[in-house]
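Have a look at the structure below before the remarks.
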Amino acid sequence: MVKKLKNQEKYDVVVVGGGASGLMMAGRAGELGWRVLLLEKNHALGEKLNITGGGRCNITNAIYDKRDFLKIYGPAQDFLFSPFSQFGVKDTFAFFERLGLPLVVEARTRAFPATQKATDVTKVLERYARNNGVTVRLNSSVSKILTTKGQVSGVLLNGEEVSASAVVLATGGLSHPETGSTGDGFRWLKDLGHGVRRPSPDVVPLKVEETWVKELSGLSLSFMKITFYAEGKRAFSKKGKILFTHFGLSGPLILNSAREVKLLLEVGAVTALVDAFPDTDLGALEKQIIKIFDANKNKSLKNVFKDIAPLGTAEAILSILPLAPDIKVNEIKKVERKGIVKTLKSLPVTITGLMGFDRAVVSDGGVSLTEIDTRSMRSKIWPNLFVLGDLLDINRQSGGYSLQLCWTTGFVAAEHIGEALGNG
């Protein structure tokens, strides 16, 4: 039997999910004077936020031109112009500065807290919410969104009803389910009549077949080029940092290629070639190798290859060359030398798939933006229901774009609570 909470206070807003978008929304709504209840099923707030950016939290990306920033979101950019006009990148910098957590900009215009600690982001947001009167309840698992007379009326929490004039869903997508992102929000939205595109890992590492890649596990190379092929036909190339792992490839370059690779895999076999010297053409690289060979004529290839290959890769790359590691440099023929050059410029990789949600930085899928009034983040089906962050069907790269979406949608939703309550 469902019971109403005894001596229950009537809340203006119930926010389900204490992550990035939920904390932003709850804190700002409290700051505006609304009575807010923030529900989190974990034992602490910000579990996923605390591990973002390798524990450093890539808060946003310092692309200040709104239109340039929105291009990252592809087809969603037109829907996002209004919310980003209300709260954009510059506002994010000012917001965290106001909370006493200044940001610093690093490579590829990525912005991090100056303290380099993701946990500090969670701490300042929790303080922001509590200082603005938000009631926070941890270990609180919502099982259902309640409705009555064409509106949401609250949530079912541990078998008891919690009433609210507006409900905000900020439960996140499916990436890193160990942090509590288990798809609850998608299920509720389906139950409420929203169309939800099935999520899949989107910004995620790739699994590969080759042993030489796995032998380099833990090694990160800052500037590489990778070219992907679908059924032997060139598809696309990208440059950037690659991280070699025990299962394949990761790092920013790979993560931001994963969605395109996923689409290619749906059609057929996908292979790739890694260029270890993207800024050096074949002729120039061969001259460098000749110079090294001339200075070490009586040494074996394995003893000089470390001076040729990128740092830490010599042994692994040697294993795929059709030459004995013990061969003397002065015994290597011209055609074999050219083969070494070609290999360094086109290291072979066979993509066998994508890693799962547990490794994904971002998962795609969610509610179509056509079903959300993105000016306010209100549902077009339920006028007092707000949908935030990763629950929205928006593709984006790694590099601060997902969190900026959380800050923007959370802040904008709070600004429009009055409309849902008939006071706007």
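The values are calculated or read from the model by the stated rules, or taken from the named source; none is laboratory data. Fair warning: this is a prediction, and the values are worked out from it, not measured in the lab. We place every Cβ from the backbone using ideal geometry, glycine too, and count neighbours over all the protein chains shown.
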- Query: Is segment 65-88 home to any residue that is closer than 18 Å to Asn132 by Cβ, modelled with pLDDT under 95 and not polar (S, T, N, Q)?
  - Reply: no
- Conditions (1) modelled with pLDDT of 90 or more; (2) within 13 Å of the chain's Cα centre (by Cα); (3) basic (Lys, Arg) -> Lys338 fails only (2)
- Considering segment 57-74 alone, what residues qualify as being free of Cβ contacts under 8 Å to residues at least 24 places away in the same chain and either surrounded by fewer than 18 Cβ atoms within 10 Å (Cβ to Cβ) or not in a helix (DSSP H, G or I) (or both)? Asp65, Lys66, Arg67, Asp68, Lys71
- Any idea which residue in segment 30-56 is surrounded by the most Cβ atoms within 10 Å (Cβ to Cβ), counting only those that are part of a loop (DSSP other than H, G, I, E, B) and acidic (Asp, Glu)? Glu40
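Can you find a residue in segment 134-141 that is assigned to a strand (DSSP E or B), of a type in the set (A, V, I, L, M) and over 19 Å from Met377 (Cα atoms)?
Scanning segment 134-141 turns up at least one residue that is assigned to a strand (DSSP E or B), of a type in the set (A, V, I, L, M) and over 19 Å from Met377 (Cα atoms).
Which residues, taken from segment 383-424, are in a helix (DSSP H, G or I) and of a type in the set (Ser, Thr, Tyr)?
Filtering segment 383-424 for residues in a helix (DSSP H, G or I) gives 389-391, 401-415, 417-420.
Result: Tyr401, Ser402, Thr408, Thr409.
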- Query: Restricting attention to segment 16-29, does a residue exist that is in contact (Cβ under 8 Å) with a residue 40 or more places away in the chain and surrounded by fewer than 23 Cβ atoms within 10 Å (Cβ to Cβ)?
  - Reply: no
- Unique match (being in contact with a strand residue (DSSP E or B) (Cβ under 8 Å, 6 or more places away or on another chain) and crowded, with 17+ Cβ neighbours inside 10 Å) among Arg130, Arg110: Arg110
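Is it the case, given these coordinates, that Leu125 is in the same structural domain as Lys48 (by TED's automatic domain parsing), aliphatic (A, V, I, L, M) and at pLDDT below 95?
no
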- Task: Just need a number here: residues in segment 77-102 that are more than 19 Å from the chain's Cα centre (by Cα), closer than 18 Å to Glu126 by Cα and either touching a residue at least 24 places away in the same chain (Cβ under 8 Å) or surrounded by 15 or more Cβ atoms within 10 Å (Cβ to Cβ) (or both).
- Result: 6
